[in-house]
1. For the stretch 162-189, how many residues meet the condition of being more than 13 Å from the ligand (Cβ to nearest atom), in a strand (DSSP E or B) and surrounded by 15 or more Cβ atoms within 10 Å (Cβ to Cβ)?
2. All but one of (1) more than 18 Å from residue 394 (Cα to Cα); (2) away from the ligand (no atom under 16 Å from the Cβ) hold for residue 115; which doesn't?
3. Checking the structure you have, find out if any residue of the stretch 236-248 is within 11 Å of the ligand (Cβ to nearest atom) and touching an Asp or Glu at 6+ places or on another chain (Cβ under 9 Å).
4. Among the numbered criteria (1) surrounded by fewer than 15 Cβ atoms within 10 Å (Cβ to Cβ); (2) within 16 Å of the ligand (Cβ to nearest atom), which one does residue 369 miss?
5. Given the criteria of a type in the set (Gly, Ala, Ser) and in a loop (DSSP other than H, G, I, E, B), does residue 38 qualify?
6. Considering only residues that are more than 9 Å from the ligand (Cβ to nearest atom) and assigned to a strand (DSSP E or B), which ones fall in the stretch 197-223?
7. Give the number of residues within the stretch 290-336 that are small (Gly, Ala, Ser), more than 14 Å from the ligand (Cβ to nearest atom) and in the same structural domain as residue 260 (by TED's automatic domain parsing).
8. Identify all residues within the stretch 58-83 that are surrounded by 23 or more Cβ atoms within 10 Å (Cβ to Cβ) and part of a loop (DSSP other than H, G, I, E, B); write none if there are none.
Amino acid sequence: MQFPTTPSRDNYDVVIIGGATSGSSIAWHLVNDKSFSGSVLVIERDPSLQFSATQASNNCMRQQFATKINVEIAQYAAEFVKNFGLEFGDDPCVPTPPIRDFGYLYLSDSKNFTEVLREDQKLQSSLGAGTQILSADEVKKDLDSASLNTKDEGCFNAMGMVNWMRMSAVKAGVDYINNEVIEIMTNGDKTEDIKLLSGDRISVKNVVNAAGTRAAQVAKMAGIKNLPIEARRRYTYIFSVDETIPQDLPLTIDPTGVHIRSYGPKDYLVGCPPIGPDIAVDVDDFSFAENAWEEKILPIITRRIPQFNTARITNAWMGHYEFNTFDHNAVIGPHSVMKNFYFCVGFSGHGSQQAPACGRAVAELIVHGAFKSLDLSTLSYSRIPEGRPLVERAVI
Ligand SMILES: Cc1cc2nc3c(=O)[nH]c(=O)nc-3n(C[C@H](O)[C@H](O)[C@H](O)COP(=O)(O)OP(=O)(O)OC[C@H]3O[C@@H](n4cnc5c(N)ncnc54)[C@H](O)[C@@H]3O)c2cc1C
């Protein structure tokens, strides 16, 4: 999408820094709130989103989380993705089908991890998710058990959703510009102005940090030090094979962290964390530092599914998680002191599916001063300075 570089006004009710999935969801939910009639500016330094986490996403959604709030967030994601197709019927941007619900299949190779899966399954089904535990006999090979949910879980067209939210927001009057925020001016407990790379200066009533892997950099501009978010490498490969397996492969998570799913009719998507230590990398470093395909992925996928020995890579990318080192969970809502500076950051690998609920939550806080639909206060910024982590252990 082409955007102008200059904003149409010199003051806005809401300025959103970052126009990928989080920023666009906030903008969309703002303009779709009947109580909101303010002005919105979304500033995106790279409208192609080429280097965003959003573009690198494997586009999966799941309800198999270990914290209640993440299951509830996932349930709104499924509802949102299914409903926008209905609401906007023949809009060419609307992806079909909304969710390819082949599910996630978590494999366990130990009694301990089976116990974790059982505990998580109890929580998930108490909230209405369809997770089932499969026994060692059902999963065979060297495994102890697995968990699977095929209700509203699988993959979806995450980029389709972003493009559609952006287009709808622009149609509804949101200004999107191709520019970069380089300075944030504060006055005591308020954010007052922002400065752009082009030299433009804008007065703001509310600012949202939706800057992905650059979230800590943007927070620092506002004097907020040590936001615990850093870029972490994640590899994805698409490969085709001579002989496919006869049914859709759920997003299957091997105990080593390698995860694989059906992609097209004759190809598969596989991803993994680094082989070496999972450490912070420069936000602009998109190099393949390791040969993850040969050294990590190939031995595992061919052991699990022998006919994958004909695998040929057709595409590959290395993207960055915007990893929250504090507790691997999103940070949503205002700063504890600077109340007009909001966060929508730190998704640690599940931000494509969390964008609908988290964007809605930030929009509600701005418009109503409170959560109206789903209370995300457990994800508030204040838990960081107060040292109250909400650890999500189901991180891939
Ligand atoms: C390999 C990989 C696979 C993944 N798979 C999944 C998955 O299957 N399911 C899932 O739910 N999630 C997945 N994720 C995570 C998900 O992609 C991210 O959590 C999500 O896209 C984060 O979106 P965002 O909008 O918050 O951040 P981003 O997509 O990073 O967007 C932030 C935007 O802010 C802009 N920006 C930054 N600083 C400035 C500035 N100063 N001025 C202007 N603009 C600025 C950037 O250009 C960028 O476009 C995956 C991530 C990776 C890397």
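1. 3
2. Here residue 115 clears every test but (1).
3. Narrowing the stretch 236-248 to residues within 11 Å of the ligand (Cβ to nearest atom): 236-237.
Still in the list and also touching an Asp or Glu at 6+ places or on another chain (Cβ under 9 Å): none.
Checking the stretch 236-248: not a single residue is within 11 Å of the ligand (Cβ to nearest atom) and touching an Asp or Glu at 6+ places or on another chain (Cβ under 9 Å).
4. All conditions pass for residue 369, except number (2).
5. Yes, satisfied.
6. If we filter the stretch 197-223 for residues that are more than 9 Å from the ligand (Cβ to nearest atom), which is where we start, we get 198-208, 216, 219-220, 222-223.
Across the stretch 197-223, the qualifying residues are 201, 202, 203, 204, 205, 206, 207, 208.
7. The first filter runs over the stretch 290-336 and keeps only residues small (Gly, Ala, Ser), leaving 292, 311, 316, 319, 330, 333, 336.
Keeping just the survivors that are more than 14 Å from the ligand (Cβ to nearest atom) gives 311, 333, 336.
Subset that is in the same structural domain as residue 260 (by TED's automatic domain parsing): 311.
Within the stretch 290-336, residues that are small (Gly, Ala, Ser), more than 14 Å from the ligand (Cβ to nearest atom) and in the same structural domain as residue 260 (by TED's automatic domain parsing) number 1.
8. 62, 63, 64, 65
The values are calculated or read from the model by the stated rules, or taken from the named source; none is laboratory data. None of these values were measured; they are calculated from a predicted model. Note that we place each Cβ from the backbone using ideal geometry, even for glycine, and neighbour counts take in every protein chain shown.
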